[in-house]
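A short write-up of the structure that comes next.
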Amino acid sequence: MNIIRRVASGADGPPVSAFITYHGQVKLVHKPKFWQGNSLCAAVKDNIATDGSPTTCASAILQTHQSPFPAEVVTRLENGNPPVTVIGKTNMDEFGMGSHSMNSFFGPVRNSSPFPLHSVGGSSGGSAVAVAANSSVVGLGTDTGGSIRLPAAYTGVVGFKPSYGRISRWGVIPYANSLDTVGILAPTVDLLRPAFEQVNRFDPKDPTSLTEASRARMKVHREKELIKEWHRKLRSGEAKKDKAKLAFKNKKIGVPLEYNISELDPSIREAWQQALQLFQDNGATIVPISLPNTKHALSAYYVLAPAEAASNLSKYDGVRYGTRSGDGDGAGDVLYSNTRGSGFGDEVKRRILLGSYTLSSEAIDNYFIKAQKVRRLVQRDFDRVFVISNPLRPTEQFDLSSMDESIKLDDKLGPPQVDFIVCPTAPTLPPTQQMVLEQSPVDNYMNDVFTVPASLAGLPAISIPFPVPEQYRVKGQPDFAGIQIIGQYSDDDQVLWLANDLEKLTEVTAAVHKTQVPNPFNSGLTTQESAPTIKKRSSKHIPDEWVLQLKMEKWKSMERQRRAVNAILPEAIEAENKRIDQLFLDALVTWKSIQRRGPIGERTLKDSSAEKGNSDVEQSVSTPRAHLAQNSDADVERNIAFHETFRNWKTYVVPNLKSPTYERTKGSLDKFFDAWDLKREGGEKGTKAWIKALKVRIRRTKKGIREAKERIRAVNERIREAEEEEKEDEKEQQ
């Protein structure tokens, strides 16, 4: 998916901030399509023990810690076929506590070009950047509440969290034992799957690892459940038995209604809808589902995880574990207060305090116990919507009273069940690191709202990059979003299969769009500004309402591009949209005042700039000064330049459009603005030369269209001849 993976494009080398320690010089490596028997390199998150370098968890208290043994997951990768070489330990949020990889003792993880100022997600941000920047083929990380999937969504790579207990945690420094899961990051699913197969085995040293007997029992259980579901589909007539070879035929994809939150970025929502459309076009059935208790999942997670963290981190006192502070004992002759105070970062201290309070005798019943009950309800929500029952728990009766009213019942027993759940990985595109610093801790926690439920339930989940629709792309922002696929417990192989097929279909779709000319002024079109119904026009004239709609959309698109750095959060986006609407009204007044100024091309941007500060602009714009007082001279000049460029497009391009549709007309406008530089100072001579060159390109395009039609006609003729020959052969056989 090269078209949407722009994080590593144009990079001179991988960012050094992604690594805490590394073996040799970090350099770009060859990224194969498949594992072909050669040794591959891997980047390992710094909370996974290795025997060749320190394991610090990005914390000052462990900055000199050297593990006497490697983690089992590292050993299995190094002893696999082909063997994997660990090239270094990657930066992370301290002890895995964070969503942006900025809570590190060694400094924040910085993104690769062209987005060096944007967040990389957390807490496995270092491993994600190492993979995205082509400094390693695979990356190891841990996922407690989304620490694999969120960085994957922010950097445009694939991040997989397997079912709890699939991969050994022996040798992994814990954050929350009941939630921690070792996961894998890779550029593609094809490169991720072999790594998972090497480490997906029972480990007797890990008490939470699934035994071989349990794995075999789960496999048999899954096969029986699928056979049972197939017979049910045959009885109900749902089974598709036609010979069409569709990738997702007879698969049901669940869409949780509770995930369509108001804070969801419009570009993420549109990418989600297009991914679902891609599933449906390839044979899948899209089914709305209800997960009523997932709205409480985030709150429960931030009670349970800090509680377990407070217990796990109590051993770091500088006596048994950790680097002891050089200062003396703290107040009251407490042995380790100064050591823990200077060794832990602010976020770790915050979660230790929160966890200690929720475990206290006065709060444990109201917080910790209730959070455990919510976790059980979240698990039950997932179990009742999946076709395959959870092999670890008995089947429970579906409680219809808690179901959303908009969900249709499959029968009197409950709603239709699904094979997989598809939803966004993150509610927004990656914010800038400066915006993260300005957010409160609670705002940072909201990034995990879509990833936490699967972690609480211990389910397999994978995030793959999916292209944002072109009209929703914003200059200076990644043009991809993370789409998350969730499966039933132990259904890891099928989750990888589904992600692999979706990835291949996305590559095909991206290849089609790759030949199109990119639009630098991508529209941030909202549903209120949707395009009119597409209709073909046989004449060369386009309706006036199209012209007005296109002019408004284009101007607002360019204004959003100019102001995009301040519009990342949903609240900021709403405020910016209101501001842009007001500025557009001012622009209309300006355009109305100059519509009688003379022939097109008479006034250039250079002429406008020369008059800056003079009274000519004020005289030419017959608008009360009070109305435009809020607009600077630069705003007025920009509006004038836009107006005249739009008029040039309308005069020289529109008459040459053949059978224009709204989308085709809009595309020609985008290409025109792409080529017409508003800052050029070539004057009238340069304008005429550009228009002449444009006419030449139009003639060449028409010639190319005619040639293409001739080729299509010839192909159709050959197809017709082949069909006639086939009919004659059938007659002879009869």
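The values are calculated or read from the model by the stated rules, or taken from the named source; none is laboratory data. Note that this is a predicted model, so its numbers are computed, not measured. Using ideal geometry, Cβ is built from the backbone for each residue, glycine included, and neighbour counts are taken over all protein chains shown. To get the accessible areas, we keep the full protein, side chains included, count just its heavy atoms, and leave off ligands, DNA and RNA. Shrake-Rupley method; radii C 1.70, N 1.55, O 1.52, S 1.80 Å.
Candidates in segment 477-494 are the residues that are in a loop (DSSP other than H, G, I, E, B) and either of a type outside the set (Gly, Ala, Ser) or open to solvent by 10 Å² or more (accessible area, probe 1.4 Å) (or both); of these, the one that is farthest from residue 195 (Cα to Cα) is 477. You will find that of 108, 68, 114, the residue that is under 27 Å from residue 440 (Cβ atoms) and out of contact with any Phe, Trp or Tyr (no Cβ under 7 Å at 6 or more places or on another chain) is 108 and no other. Residue 243 meets the stated requirement of being open to solvent by 60 Å² or more (accessible area, probe 1.4 Å), at pLDDT below 90, over 18 Å from residue 285 (Cβ atoms) and not in a strand (DSSP E or B). Evaluated against (1) modelled with pLDDT under 95; (2) within 29 Å of residue 306 (Cα to Cα), residue 184 falls short on exactly one condition, (1).
Within segment 416-426, is even one residue within 22 Å of residue 120 (Cα to Cα) and either open to solvent by 10 Å² or more (accessible area, probe 1.4 Å) or aliphatic (A, V, I, L, M) (or both)? Yes, segment 416-426 contains a residue that is within 22 Å of residue 120 (Cα to Cα) and either open to solvent by 10 Å² or more (accessible area, probe 1.4 Å) or aliphatic (A, V, I, L, M) (or both).
Taking segment 14-69 as the range and being basic (Lys, Arg), part of a loop (DSSP other than H, G, I, E, B) and at pLDDT 85 or above as the test, no residue passes. Of the numbered criteria (1) hydrophobic (A, V, I, L, M, F, W, C); (2) within 34 Å of the chain's Cα centre (by Cα); (3) part of a helix (DSSP H, G or I), the one residue 210 fails is (3). Here residue 262 qualifies as modelled with pLDDT under 95 and open to solvent by 10 Å² or more (accessible area, probe 1.4 Å). The residues listed here are 688, 666, 709; of these, the one that is within 30 Å of residue 638 (Cα to Cα), among the charged types (D, E, K, R) and at pLDDT 75 or above is 666.
Within segment 381-403, residues that are modelled with pLDDT of 90 or more sit with their Cβ atoms under 6 Å from residues that are assigned to a loop (DSSP other than H, G, I, E, B) and among the acidic types (Asp, Glu), at 6+ positions apart or across chains, in these pairs: 387/419.
Number of residues in segment 419-468 that are assigned to a strand (DSSP E or B) and more than 26 Å from residue 253 (Cα to Cα) equals 1.
Considering segment 56-108, and only residues there that are crowded, with 24+ Cβ neighbours inside 10 Å and of a type in the set (Ser, Thr, Tyr), the residue that is nearest to residue 305 (Cα to Cα) turns out to be 99.
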